[in-house]
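Novice: Would you mind keeping the following structure in view while I ask a few things?
Derivation of every value follows stated rules applied to the coordinates shown; laboratory data play no part. From a predicted model like this one, the values you see are computed outputs, not experimental measurements. Note that we place each Cβ from the backbone using ideal geometry, even for glycine, and neighbour counts take in every protein chain shown.
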């Protein structure tokens, strides 16, 4: 069975809980931990859901907000099942599984 995995990036929520309301306030905090990012990069990191993030950046963010990666990223996973659309054709006849043909016996007529 296939599973569909998704995640929620919660950096903006962590910043708001700490009282940081501008993305530029995060730049010096990251710089203290050796992470140098431009203002547009920090803006995208906070306001968009990133597809790739350096682990050092995640470690620095976790250190800044005194949290773990599970607080920064919420993961959801669900089974994906094939759904029936309800548009099956109405002219299909169901087979009676109780009425089966008799098994054939093969005999040798030459004897």
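Novice: Can you tell me the FRET efficiency between residue 81 and residue 53 if r is taken as the Cβ-Cβ distance and R0 is 30 Å, rounded to the nearest 0.05?
Specialist: Computed FRET efficiency for residue 81 and residue 53 comes out at 0.45.
Novice: Could I have the simple spin-label model distance between residue 67 and residue 21, label points 7 Å from Cα toward Cβ, reported in nm to one decimal?
Specialist: Simple spin-label model gives 1.9 nm for this pair.
Novice: If neighbour count is taken as other Cβ atoms inside 10 Å, put 15, 1 in order from fewest to most.
Specialist: Ordered by Cβ neighbours within 10 Å, fewest first: 1, 15.
Novice: Express in nm, to one decimal, how much length is gained between residue 110 and residue 7 on full extension, taking 0.36 nm for each residue of separation and deducting their alpha carbon distance.
Specialist: The residue 110-residue 7 span can extend by a further 29.7 nm.
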